[in-house]
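Down below is the structure, laid out as structure tokens.
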Amino acid sequence: MSIALSSDQVWKVVERELFAVLATVNARGEPRTAGIVYKVRDKKLYIATDFSSVKAKNAKRNPHVSLTVTVNKRLPFLPWIKIPAATVTFQGVAKVHAANAVDPGLQKVLLGGLKVDDKVMSDLCFIEVAPEGDFITYGVGVSLMTMRDPEAARGRAPV
């Protein structure tokens with residue numbers, strides 16, 4: 001039996017993390033994944049990359065994407081014991097924006113205050129992902145012992 005999670009519970013987890021795996025589809029219809037660093041703003045995820053990146057090209061060609069956010073789990077006094085990461089997976093619609101076309105506040109958040117020259121800024125884009133449907137979770141809101149039972153560790157929440 002999967003656990004019932006609220007949308008707010010899952011959003012708090014997604015907002016707290018910064019790494020995810022972005023899945024796109026290339027021009028030949030083949031799946032491609034890439035590890036990304038993201039920021040959340042107004043319940044959308046933003047990824048900084050350059051226009052020539054595979055992820056930007058694929059997202060522009062086919063905006064239907066999937067993201068899996070990984071959530072590290074640890075035993076506080078036994079950090080050498082490996083624990084599988086918890087995950088939050090969802091589908092979404094991506095939009096590719098030129099970096100200089102988004103508001104300066106968002107630019108600052110995504111670039112971490114990094115100063116970039118005009119040439120770099122002209123090559124840079126931000127991928128905005130608006131989640132749709134449900135969040136599918138594993139290990140979110142459950143104990144490490146519960147994670148040993150895949151059925152009990154699964155969860156679902158509306159986006």
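Each value in this text was obtained by applying a stated rule to the coordinates, not by laboratory testing. Everything numeric here is computed off the predicted structure, so don't read it as measured data. Using ideal geometry, Cβ is built from the backbone for each residue, glycine included, and neighbour counts are taken over all protein chains shown.
Numbers for the structure displayed
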quantity: Some residue of the range 6-15 being more than 23 Å from Arg148 (Cβ to Cβ), surrounded by 15 or more Cβ atoms within 10 Å (Cβ to Cβ) and among the polar types (S, T, N, Q); calculated: no
quantity: Residue list for the range 92-131, filter: surrounded by fewer than 17 Cβ atoms within 10 Å (Cβ to Cβ), of a type outside the set (A, V, I, L, M) and more than 18 Å from Asp42 (Cβ to Cβ); calculated: Asn100, Gly112, Gly113, Lys115, Asp117, Asp118, Lys119, Ser122, Asp123
quantity: Residues satisfying the stated conditions in the range 1-39, i.e. touching a Gly at 6+ places or on another chain (Cβ under 6 Å) and part of a loop (DSSP other than H, G, I, E, B); calculated: Ser2, Leu5
quantity: Breaking point among (1) of a type in the set (D, E, K, R); (2) under 14 Å from Ala48 (Cβ atoms); (3) in contact (Cβ under 8 Å) with a residue 40 or more places away in the chain, for Lys108; calculated: (3)
quantity: Residue check, Val140 closer than 18 Å to Leu5 by Cβ, in contact (Cβ under 8 Å) with a residue 60 or more places away in the chain and within 14 Å of the chain's Cα centre (by Cα); calculated: no
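Condition check ((1) more than 20 Å from Val96 (Cβ to Cβ); (2) touching a residue at least 12 places away in the same chain (Cβ under 8 Å); (3) surrounded by 14 or more Cβ atoms within 10 Å (Cβ to Cβ)) across all residues:
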position	(1), (2), (3)
Glu17	yes, yes, yes
Leu22	no, yes, yes
Asn26	no, yes, no
Tyr38	no, yes, yes
Arg41	no, yes, yes
Val54	no, yes, no
His64	no, yes, no
